[in-house]
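Have a look at this one before I ask anything.
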Amino acid sequence: MTKAIRFHQTGGPEVLKWEDVEVGEPGPGQIRIRHTAIGLNYLDTYHRSGVYPLPLPSGVGSEGAGVVTAVGKGVKEFKKGDRVAYASPPVGSYAEERLMPADRVVKIPAGISDRTAAAMMLKGMTARYLIKQTYPAKKGKTVLVHAAAGGVGLILCQWLKALGVKTIGTVGTKEKAALAKKHGCTWPVVYTEEDFLEAVKKITKGKGVPAVYDGVGKAVFMKSLDCLSPRGVMATFGNASGVVDPVPVGILAAKGSLYLTRPTLFTHVATRKDLLATANDLFKVVKSGKVKIRIDQEYALKDAARAHADLESRKTTGSTILIP
């Protein structure tokens with residue numbers, strides 16, 4: 001038997017339970033992984049709370065890193081002892097050991113630790129598709145990044161800076177503003193002290209930005225549309241403040257022929273080819289030193305409920321990992 005975090009009903013962090021589970025041997029196309037580190041993401045809270053419903057009872061977590069302990073029939077790419085990481089369904093990464101489809105897992109290259117891999121796979125690959133596919137950021141442009149001191153935000157700001165793109169980044173405190181600036185944010189804006197729309201208009205001399213990368217959701221959505229220049233792109237990829245209310249499509253025309261998209265990582269890495277290309281891009285930029293992965297919090301896996309509470313109360317910065 002091994003230990004895992006599971007929940008039998010949706011709700012707050014208190015529904016997460018530390019339980020015995022049976023892992024078993026890998027079937028065809030599967031590998032068994034002993035986790036050395038597990039990534040904490042806002043996505044996990046959506047599953048736990050029921051925003052994104054799962055069949056119950058359920059495990060939780062979509063990101064982890066560790067060592068292959070067994071290989072199922074037909075798996076050629078991996079062998080026992082390989083260091084691997086993933087950020088993909090099926091959920092259940094909050095576990096000491098688990099089974100995973102081999103085609104959803106990648107090898108961790110030399111020079112990147114298990115902890116770093118667990119902290120960056122989901123956030124880093126999210127940042128990659130946002131700036132390479134959703135709105136391909138170009139040198140000389142200025143964009144708006146919400147939650148610039150968060151896990152995705154810090155990666156976005158660094159990667160955008162490496163591409164020659166300037167960022168206006170919203171944060172909740174002066175301490176978070178300093179952290180964002182240290183990681184490449186050109187103009188941190190403390191939204192509790194300054195209206196971010198007014199800041200955007202001032203910085204861009206009234207022109208607005210061509211893109212908003214938003215992982216916050218409901219609290220900033222409508223005002224973010226007003227930050228966009230004509231034909232700008234609103235990429236809302238997360239719901240940290242709540243799910244965005246339904247939007248009349250005509251409002252996009254009225255505000256300047258805007259583009260609105262709700263992308264997810266999993267459709268961008270649905271094929272093995274796309275997963276490898278995305279992961280390799282991330283590994284390359286991290287190994288280059290242009291993007292540094294900041295792990296600001298570590299919790300024991302059994303304390304996942306406390307980690308969720310801290311994440312949702314915005315006590316965390318950068319990335320957070322759980323240690324089995």
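Please treat every number below as a calculation from the coordinates, not as lab data. Only a predicted model underlies this, so the values are computations on that prediction, with no experimental measurement involved. With ideal geometry, Cβ positions are generated from the backbone for all residues, glycine too; neighbour counts draw on all protein chains shown.
Take the chain, connect every pair of alpha-carbon atoms lying under 10 Å apart with a spring to form a Gaussian network, then pick out the residue of Pro188, Pro246, Pro57 with the largest mean-square fluctuation.
Among Pro188, Pro246, Pro57, the largest mean-square fluctuation in the Gaussian network model of the chain belongs to Pro246.
With Kirkwood's inverse mean 1/r over C-alpha pairs for Rh, give me the Rg to Rh ratio of region 253-324, two decimals please.
Radius of gyration relative to Kirkwood radius: 1.11.
With a 10 Å cut-off between alpha carbons and a GNM built on the chain, which of Lys107, Lys292, Lys132 moves the most?
Maximum among the listed residues: Lys132.
While we're on this one: How large is the helix-only mean residue ellipticity at 222 nm for the chain, computed as the sum of -39500 (n - 2.57) over DSSP H runs with n ≥ 4, divided by its residue count, in deg cm²/dmol to the nearest 500?
Result for the chain: -8500 deg cm²/dmol, rounded to the nearest 500.
Tell me, what is the Rg over Rh of the chain, with Rh the Kirkwood radius over Cα pairs?
In the chain, Rg relative to Rh is 0.98.
Once amide H atoms are placed 1.01 Å from N in the peptide plane, what residues at a sequence separation of 5 or more from Gln30, or on another chain, have their amide H within under 5 Å of its amide H?
Gly72, Lys73, Ala102
For a test of the definition: using alpha carbon positions, the gyration tensor, and the 1.5 limit on a/c, classify region 57-117 as rounded, prolate or oblate.
Oblate is the answer for region 57-117, as a/c is 1.5 or above yet b/c matches or exceeds a/b.
Hey, another quick one. Report for the chain the percent antiparallel among DSSP-assigned beta bridges with both residues inside it, nearest 5.
Roughly 55 percent of the beta bridges in the chain run antiparallel, per DSSP.
Skipping prolines and chain starts, which residues have an amide H placed within reach, meaning under 5 Å, of the one on Gly232, given they are 5 or more residues away or on another chain?
Residues meeting the amide H criterion: Tyr259.
Could I ask something else about it? Could you give me the ³J(HN,Hα) list for region 12-27, computed from phi with Karplus coefficients 6.51, -1.76, 1.60 and θ = phi - 60°, whole Hz, x at Gly and Pro?
Result, ordered by residue: x, x, 5, 6, 6, 10, 9, 10, 7, 9, 9, 8, x, 8, x, x Hz.
Using Cα springs under 10 Å in a Gaussian network model of the chain, which residue among Gly111, Gly61, Gly169 shows the largest mean-square fluctuation?
Gly111
Taking only C-alpha pairs under 8 Å that are 6+ residues apart, what is the relative contact order of the chain in percent?
Once divided by the residue count of the chain, the mean separation gives 18 percent.
Also, quick follow-up: Translational diffusion coefficient of region 139-262 at 10 °C, 1.306 mPa s, Stokes-Einstein with Kirkwood Rh over Cα pairs, in µm²/s as a whole number.
This corresponds to a translational diffusion coefficient of 112 µm²/s.
Give me Glu22, Glu63, Glu14 ranked fewest to most by other Cβ atoms within 10 Å of their Cβ, as a rough exposure proxy.
Placing the least packed residue first, the sequence is Glu22, Glu14, Glu63.
Which of the lysines could a cross-linker bridge to Lys139, judged by Cα under 19 Å and excluding same-chain residues fewer than eight apart?
Filter leaves Lys161, Lys166, Lys181, Lys205, Lys207, Lys290.
Then there's this: So which cysteines in the chain don't have a second cysteine's C-beta under 4.7 Å from them?
Cys227
Nearest 0.05, what FRET efficiency do Thr2 and Lys205 give at R0 = 45 Å with Cβ-Cβ as r?
0.20
Using Cα-Cα distances under 8 Å and only pairs 6 or more residues apart, what relative contact order does region 139-262 have, in percent?
In percent, rounded to a whole number, it is 20.
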